[in-house]
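Participant: Pasting a structure below so you can have a look.
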Amino acid sequence: MARALYDRELHRLENEVQTLGNMVRDALRHSTDNLRRDDLAASERLMAFDRDINSRRYRVESEIMTLIATQQPVAGDIRLLAAMLEVVGELERMGDYAKGIATIHVRLAGWQMPSDVLDRLEHMADIAADMLGRALDAFERRDAAIARAVIADDDTIDAVFNEVFAATISGPVDDARAIERANYMLWVAHNLERAADRVTNICERVIYTVTGRQAVVEEDEATDRGDAVSVFG
């Protein structure tokens, strides 16, 4: 009976992680869609929505810690619960990136980004959201192969980021306002690129949870790099 109750609680917490992931995936997509439509009210709602993401993250984290303390899970479950703790942390940070984009939009009120840059930013958001959805699927299925495939796709979003960078720095260099706007556009792209890095971290954790071995990737983990959220999150 005790094991059955424990299993139900573990399953419920896994569902909570998936729910949080879907919230973050929607936030990433909405962040650039709001830019496209220049919907400031929607961006302000997205900024407020970040509080829901944060509160859910910490509630799930607290419940995981309570389960560990009260149920004394076996070694295999400990690895899963540790993975869940890391995943919710990565998801909360991705939510910060979406909030950061919304904050930038509000600061740029009344100014429309160039359509070619918007196209690329929306493409980056779509890639990041798709990667996150597949990473969550890999976590739910305990599928290391899916996780490795998602990690490989990080190169795609990096390539689009480079396109945004090239398009942005080609603007005028003697217009202070234009330079400021270009800088904001780069922060948006950087936030999206960082979100994809966080997805890669989740996938690395999936691989470790399944195989017991650390994933080997060419780049440093996202947590070791500069973080755009410190300015706009």
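Participant: Name the pairs: first residue in region 6-33 and surrounded by fewer than 18 Cβ atoms within 10 Å (Cβ to Cβ), second residue of a type in the set (S, T, N, Q), Cβ to Cβ under 8 Å, at least 6 apart or on different chains?
Facilitator: Every condition considered, the pairs that remain are Y6/Q71; E9/Q71.
Participant: Any chance region 84-94 includes a residue that's over 17 Å from N15 (Cα atoms), at pLDDT 95 or above and assigned to a helix (DSSP H, G or I)?
Facilitator: yes
Participant: Still on this model: Where residues in region 82-122 are under 23 Å from A178 (Cα atoms) and either in contact with a strand residue (DSSP E or B) (Cβ under 8 Å, 6 or more places away or on another chain) or free of Cβ contacts under 8 Å to residues at least 60 places away in the same chain (or both), which of them is surrounded by the most Cβ atoms within 10 Å (Cβ to Cβ)?
Facilitator: So, considering only residues that are under 23 Å from A178 (Cα atoms) and either in contact with a strand residue (DSSP E or B) (Cβ under 8 Å, 6 or more places away or on another chain) or free of Cβ contacts under 8 Å to residues at least 60 places away in the same chain (or both), the one surrounded by the most Cβ atoms within 10 Å (Cβ to Cβ) is D119.
Participant: Counting only residues that are touching a residue at least 60 places away in the same chain (Cβ under 8 Å) and buried (at least 19 other Cβ atoms within 10 Å of the Cβ), which one in region 34-76 is nearest to V210 (Cα to Cα)?
Facilitator: So, considering only residues that are touching a residue at least 60 places away in the same chain (Cβ under 8 Å) and buried (at least 19 other Cβ atoms within 10 Å of the Cβ), the one nearest to V210 (Cα to Cα) is L67.
Participant: Which of the helices (runs of 4 or more DSSP H) found entirely inside region 144-233 contain at least 1 residues meeting this: at pLDDT below 85?
Facilitator: Ranges flagged: 154-169, 176-211, 229-232.
The values are calculated or read from the model by the stated rules, or taken from the named source; none is laboratory data. None of the values given here were measured: they were computed from a predicted structure. So basically every Cβ, Gly included, is an ideal-geometry build from the backbone, and we count neighbours across all protein chains shown.
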